[in-house]
Amino acid sequence: MARIMNLEELEQDALKRHIPVMQKEGILFLIAQLNEIHATTCLEIGAAIGYSAMMMVTHVEGLKVDSIEIDNERYQEALENIEKRELSSQINLYHEDALILDTDLLKNQPYDCLFIDAAKAQYQKFFEKYVPFVKEKGIIIVDNLDFHGMIFDIDHIKNRNTKQLVKKIKRFKDWIFNHEDFDVNYYAVGDGICVIKRKENK
Ligand SMILES: C[S@@+](CC[C@H](N)C(=O)[O-])C[C@H]1O[C@@H](n2cnc3c(N)ncnc32)[C@H](O)[C@@H]1O
């Protein structure tokens, strides 16, 4: 039987196969945030092959993660990865488009943390759909907000699709930074991460 890869090897293997997994710096930041608030529940949008979910539950004591993945192949691979490492009691996977998932199915709601790491053009929709399932004092973490620095220089992007996507990310960033109900802290970690919290008086 093949040896089970450790999570570092799994990350390297995913990168070799061009499966987008969170950058090391980013995942360590996420874990630190979860530990700081003593999180016991997290909802992840975008499981890919389960790397970040497995990193979270192995580095945050008592954490349960519900994670949604739209792509069948990745979902199956994530299931297998999680089962092999005997982490199924800590991670629930959902094979569905997060925008149409029936939220009654979410096992560990309400959540201490909502982590959005799926289709960047849909960030605002994910946020609006799932923020009601975040605890009053919970946090929302959004990754990839700089889009390889392109967000700071949209006029020079030549590819039309990329330009549209970056504009959408910028629209989300502007929307959330100016939202009257939320406070946002931006961190230049990995590809740009925001930690969002409800305002105290809201
Ligand atoms: C950046 S990857 C996630 C990486 C993962 N969080 C990690 O670090 O190991 C984004 C994933 O979101 C999935 N995705 C995209 N749109 C989605 C949607 N509407 N609902 C659920 N998953 C989606 C993609 O198939 C992809 O696997």
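Extension gain, residue 18 to residue 40: 0.36 nm times the residue separation minus the Cα-Cα distance gives 4.8 nm. Shown in residue order for segment 137-144 are the 3J(HN,Hα) couplings computed by the Karplus curve 6.51 cos²θ - 1.76 cosθ + 1.60 at θ = phi - 60°: 9, x, 10, 10, 10, 10, 9, 6 Hz (x for Gly and Pro). For the chain, the solvent-accessible area works out to 53 Å² per residue, with a probe of 1.4 Å and every protein chain left in place.
Per q in 0.12, 0.14, 0.17 1/Å, what log10 I(q)/I(0) does a Debye calculation on the alpha-carbon atoms of the chain return? Per q value, in the given order, log10 I(q)/I(0) is -0.59, -0.81, -1.20. Straight-distance candidates among the lysines for linking to residue 129, with alpha-carbon spacing under 27 Å and chain neighbours fewer than 8 residues away dropped: 64, 107, 120, 137, 163, 167, 168, 170, 173, 197, 199, 202. Less than 5 angstrom separates the built amide H of residue 64 from those of 41, 42, all sequence-distant by 5 or more or on a different chain.
Per-residue ellipticity at 222 nm, computed for the chain from helices alone with -39500 (n - 2.57) per DSSP H run of at least four residues, works out to -11000 deg cm²/dmol. Here segment 108-156 is treated with +1 on each Lys and Arg Cβ and -1 on each Asp and Glu Cβ, and its dipole about the Cα centre works out to around 300 debye. For the pair segment 138-169 / segment 8-66, the C-alpha centres are spaced 22 Å from each other. Note on segment 152-201: dipole from Cβ charges, positive end direction compared against 182, 169, 192; the farthest Cα belongs to 169.
Heavy-atom accessible area, probed at 1.4 angstrom with all protein chains present, ranks 17, 198, 160 as 160, 17, 198, highest first. Within segment 141-162, what residues put their amide N at less than 14 Å from the label point 7 Å along the Cα-to-Cβ vector of residue 186? Inside the label zone: 142-154. Counting only GluC sites (Glu not before Pro) that are in a DSSP loop and have at most 14 other C-beta atoms within 10 Å, tell me the longest site-free stretch of the chain. After excluding every exposed loop site, the longest remaining stretch is 97-179. For the chain, a crude dipole built from +1 on the beta carbon of Lys and Arg and -1 on the beta carbon of Asp and Glu, taken about the Cα centre, is about 600 debye to the nearest 20.
In a simple Cβ point-charge model (Lys, Arg +1; Asp, Glu -1; nothing else charged), segment 131-186 has a dipole of about 380 debye relative to its Cα centre.
The values are calculated or read from the model by the stated rules, or taken from the named source; none is laboratory data. This is a predicted model, so every value here is computed, not measured. Please note: Cβ atoms are built from the backbone with ideal geometry, for glycine as well, and neighbour counts cover all protein chains shown. The accessibility values were calculated without ligands, DNA or RNA, using every heavy atom of the protein model including side chains. Shrake-Rupley method; radii C 1.70, N 1.55, O 1.52, S 1.80 Å.
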